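One structure below.
The values are calculated or read from the model by the stated rules, or taken from the named source; none is laboratory data. This is a predicted model, so every value here is computed, not measured. Reconstructed Cβ throughout: ideal geometry from the backbone, glycine too, with neighbour counts over all protein chains shown.
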Amino acid sequence: MKNFRFSSLMLVLGLLFIYAPMLILVIYSFNASKLVTVWGGWSIKWYVGLLDNTQLMGSVVRSLEIACYTAVAAVALGTLAAFVLTRITHFKGRTLFGGLVTAPLVMPEVITGLSLLLLFVAMAQMIGWPQERGIVTIWIAHTTFCAAYVAVVVSARLRELDLSIEEAAMDLGARPWKVFFLITIPMIAPSLAAGGMMSFALSLDDLVLASFVSGPGSTTLPMEVFSAVRLGVKPEINAVASLILLAVSLVTFLVWFFSRRAEEARKKAIQQAIEEGAADSWKQPDVRRAPAPEAA
């Protein structure tokens, strides 16, 4: 009983430590006072004022756009890398390839950002692309390290799958690409959704890489917030942070809801197929051969 109370207390304290700052931020976004630390009553004027702050709203739209592109590209590249690491057993360089895929997980972002900056500068001098750093270079930089997270998540799911299902489909005449898209992808859909959400959050939160590979007119939201807080936190920052929290929470709930419905539908279809197979087996007549008569 004492252990249960201690565990519950630690759980509550941990949740408060994580979510209390977010709750305080949302509350102070409705503060009528210009001073963030002084409560001046309830007001929504800072949310209305966001419409006039074109610079801040532009950085928000730009960050969301880059995060969406990064999530799509990271899921595609990470899934292919995970498939190579888990299913192609005769690949001799699999250990080296796995190390290269997961290297961004342990590499400091300062080193990664500096190396990408030097790469883009060298490419611009050699082939003339990119002519200037902007949204595309930030997207490439974010995809490089987000794909590593997706590869780890998806490869863990691929190792848990039952290969007999895919083998049965190929025995029935399905081609490998058809098995991959119609059987493998639906079974790893939760891990794909988790990897996409993780990539979206990491891209939206990144400051170091974007500071290295960004250019004029490509300031992201973390860069804008970091520049603004040097002179003190503005109420508009609290308002835009609250809107982003709301959007992320809504997307998370929708992904969880549709993933749960898809999983329930898949389990229901499997159970229905098992029941139909059992019913068909009972309907078949008994064709066992009668015993041969004994010789006289």
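What the table below lists for this structure:
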quantity	calculated
Selected residue (only one of Leu192, Leu245 is assigned to a helix (DSSP H, G or I), in contact with a helix residue (DSSP H, G or I) (Cβ under 7 Å, 6 or more places away or on another chain), modelled with pLDDT of 90 or more and of a type outside the set (Gly, Ala, Ser))	Leu192
Odd one out for Asp206, checked against (1) among the charged types (D, E, K, R); (2) surrounded by 15 or more Cβ atoms within 10 Å (Cβ to Cβ); (3) modelled with pLDDT under 90	(3)
Test: residue in the range 147-156 that is surrounded by fewer than 17 Cβ atoms within 10 Å (Cβ to Cβ) and modelled with pLDDT under 90	no
Hey, Ile24 aliphatic (A, V, I, L, M), under 21 Å from Ser249 (Cα atoms) and over 29 Å from the mean Cα position of the chain (by Cα) or not	no
Condition check for Thr79: under 21 Å from Ala201 (Cα atoms), over 19 Å from the mean Cα position of the chain (by Cα) and buried (at least 18 other Cβ atoms within 10 Å of the Cβ)	no
Scope the range 102-146; condition within 20 Å of Pro222 (Cβ to Cβ) and of a type in the set (Asp, Glu); matching residues	Glu109
Flag for Met170 being in contact with a helix residue (DSSP H, G or I) (Cβ under 7 Å, 6 or more places away or on another chain), closer than 21 Å to Ile111 by Cα and surrounded by fewer than 21 Cβ atoms within 10 Å (Cβ to Cβ)	no
Those residues of the range 122-141 which are without any contact (Cβ under 8 Å) to a residue 60 or more places away in the chain and either touching a Pro at 6+ places or on another chain (Cβ under 9 Å) or among the β-branched types (Val, Ile, Thr) (or both), in sequence order	Met123, Ala124, Ile127, Val136
Residue match in the range 22-30 (condition: more than 30 Å from Leu158 (Cβ to Cβ), of a type in the set (Ser, Thr, Tyr) and in contact with a Leu (Cβ under 8 Å, 6 or more places away or on another chain))	no
Lone qualifier among Ala273, Ala239 - being at pLDDT below 80 and surrounded by 10 or more Cβ atoms within 10 Å (Cβ to Cβ)	Ala273
Leu56 being in a helix (DSSP H, G or I) and modelled with pLDDT under 90	yes
Residues of the range 224-279 classified as in contact with a strand residue (DSSP E or B) (Cβ under 7 Å, 6 or more places away or on another chain) and among the aliphatic types (A, V, I, L, M), total	0
